[in-house]
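For reference, the structure is listed below as structure tokens.
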Amino acid sequence: MDKAISRALGAGIVTPVVATAAAVAVELAVMGDLPDPVATHWGTGGPDGFSAAWTVPLMTALTAGVLPLILGASAVLALRRGERGFTLRLLPAVAAGLSVYLGALLAGTLVIQRGLETAQDAPGVGSIMLVALPAGAVVGVLAWLSQPRETASVAAPSPASPLALQPGERAVWLGRAEMTPWALAFIVLATLAAWTGAALMWLAGDTVASAIITGVAVLLTALAATFTVAHVRIDSSGLTVTTGVRLVRLRVPAEDVASVAAIDVHGLAQYGGYGIRQIPGATAVVLRPGPAIEVARRSGRRFVVTVDDAPTAASLLAAAGEAAHAAQD
């Protein structure tokens, strides 16, 4: 197995699984010696949020396990496709450090309540933070250093030839871009996990934790509805991209088109992720790796959107730009 893949697998998959399993094992081991309910949130004056003890292992599995695994798995899958770059080295390191930090923090909050008559007597969590935060940081740094440094290689775009149209002939290209099935599955699972956690927290009576998790669930739902699919239209007026439930609309007028090319993109390696991305010199709507059109605007900025049949789309947009420039002369 490639060294980059094997090291990312160890950091982004194995480490979160082991760290989460260890944290949950500690929590289950002390379960019989805990007050009912247990403290799950601390304010400046001490514990101010309480829940049933079983909610803590659940939260550990969701936050220290599921979230880091999504980050690590995303990087591993991208590396297996041949992508390389800074972000694909960073994600497994973040996954490893985050899982250790959250696992140690949540397990520690139960350990310090062992043997108490009431959770209101629970001490502060400052000592737990002093252990969990450095542990997570050290593991994250080690995970980063254990992975090889590799840079992304990007092929130079080749400008598309304008599509030949007869005088008076009009053409419209309609397409859509969707996230890959595995990415959609991750998003759906994360959203369902957040809503499940929120429902359980409300049932347990922890208002603070319930409100936080509900907010996360609402955010994930909105992101899933908005950024998992994009509708693309190319006609004589230029390029229009509308996302998901049509809350976001991006447009490149034909007269602003300097050149167009059909390219292959890798979202994590080139743009640091998927969705609507902003990097120096470019805006990108990247929902999956693979074919895309790249528009060089007259301002010098680039606009990229992933689509199927990118060569045809690029040729038609190049023709629209050529016609718009001719009309201006």
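Remarks
- Gyration tensor verdict on the range 56-171 (Cα atoms; rounded if a/c is under 1.5, prolate if a/b is larger than b/c, oblate otherwise): prolate
- Axis of helix 86-111 versus longest Cα principal axis of the chain: the two differ by about 20°, to the nearest ten degrees.
- Length-normalised contact order for the range 227-272 - Cα pairs under 8 Å, 6+ apart - percent: 26 percent
- Karplus (6.51, -1.76, 1.60) ³J(HN,Hα), θ = phi - 60°, over the range 165-178, in Hz, Gly and Pro reported as x: 10, 6, x, x, 7, 10, 9, 10, 10, 10, x, 8, 10, 10
- From phi via Karplus (6.51, -1.76, 1.60), per-residue ³J(HN,Hα) for the range 112-118 in Hz, x at Gly/Pro: 6, 9, 5, x, 6, 6, 9
- Structure-based [θ]222 nm, the chain - -39500 (n - 2.57) summed over DSSP H runs of at least 4, per residue, nearest 500: -15500 deg cm²/dmol
- Cβ-based charge dipole, the chain, positive-most Cα from LEU133, GLY97, ALA22: GLY97
- Relative packing of peptides 128-134, 257-263 - highest average C-beta neighbours within 10 Å first: 257-263, 128-134
- Charge dipole of the range 272-329 about the Cα centre (unit charges at C-beta), most positive-ward option of ALA318, ALA284, VAL307: ALA284
- If you sort the three axes of the alpha carbon gyration tensor as a ≥ b ≥ c, you get a/c of 1.5 or more for the range 5-54 and a/b no higher than b/c, which makes it oblate.
- Where labels lie 7 Å past Cα in the beta-carbon direction, separation of LEU184 and VAL14 in nm: 3.3 nm
- Each peptide in 164-170, 106-112, 121-127 gets a packing score, the mean of other Cβ atoms within 10 Å over its residues, and the list from highest to lowest is 106-112, 121-127, 164-170.
- Against the chain, whose longest principal axis comes from its Cα atoms, helix 126-146 is set at around 40 degrees.
- Cα gyration tensor category, rounded, prolate or oblate, for the range 116-238 with a/c compared to 1.5: oblate
- Relative contact order of the range 268-325, pairs being alpha-carbon contacts under 8 Å that are 6 or more residues apart, as %: 24 percent
- Note that the chain presents 48 Å² accessible area per residue, ligands and nucleic acids not counted, probe 1.4 Å.
- Scattering curve values for the chain, log₁₀ I(q)/I(0), Debye with Cα scatterers, q = 0.08, 0.10 Å⁻¹: -0.49, -0.70
- Accessible area of the range 186-329 belonging to carbon and sulfur atoms, whole % at 1.4 Å probe: 63 percent
- Two-site label geometry, LEU145 and ILE212: point separation in nm, points 7 Å out along Cα→Cβ: 3.1 nm
- Label zone (ASP33, point 7 Å along Cα-to-C-beta; backbone nitrogen cut-off 13 Å) within the range 85-111: 110-111.
- With Cα atoms, 0 to 90° folded angle of helix 181-204 axis to the chain main axis: 30 degrees
- Highest average packing first - 82-91, 213-222, 235-244, Cβ atoms within 10 Å: 82-91, 235-244, 213-222
The values are calculated or read from the model by the stated rules, or taken from the named source; none is laboratory data. What you see is a predicted model, and the numbers here were worked out from it, not measured in a lab. Please note: Cβ atoms are built from the backbone with ideal geometry, for glycine as well, and neighbour counts cover all protein chains shown. Heads up: the accessible areas ignore ligands, DNA and RNA and are worked out on the full protein's heavy atoms, side chains in. Shrake-Rupley method; radii C 1.70, N 1.55, O 1.52, S 1.80 Å.
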